[in-house]
Amino acid sequence: MPHSKGWRGRKDQRTLRESPIGEIVDGLLRERAFARGMPIGHLVADWAAVVGPRLAAESAPVTLENGVLVVAANTGPWGAQVRFLGDQIRERANAALGAGSVAKVQIVVRPEPRKGL
């Protein structure tokens, strides 16, 4: 029966020496792809605090790239509500993520706003 070689089979230099967890996390944060996902992850985790529990149940942040926050709503009326509150959402998201993180809020409508998060 075949079995996995696990970490012993890897030839990656990172796995050949012991490293403190802080050093590993710092290395991951320096990698651009991983760091780019951090703000949206923070926003997803705090979405109810940003928009309130009722709107959070009907919408979700999808992406944040180049200052544009894309929010998915599950119906057109909820999308209209997100659009109506767009300036407040932008201000609260900037308060949570840091000034200037969100310049614009864009809305998309899809049946399952959290799908793919």
Placing +1 on each Lys and Arg Cβ and -1 on each Asp and Glu Cβ in region 45-99, then taking the dipole about the Cα centre, the residue among P77, L64, V50 whose Cα reaches farthest towards the positive end is P77
Distance in nm between E91 and R54 label points, each 7 Å along Cα→Cβ, equals 2.0 nm
Calculate the spin-label point distance for R114 paired with V44, positioning each point 7 Å from the Cα along the beta-carbon direction, and give it in nanometres. 1.1 nm
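Values in this text are rule-based calculations from the coordinates and carry no lab data. Please read all numbers here as calculations on a predicted model, not as lab measurements. Positions of Cβ are generated from backbone atoms using ideal geometry, with glycine treated the same way; all protein chains shown enter the neighbour counts.
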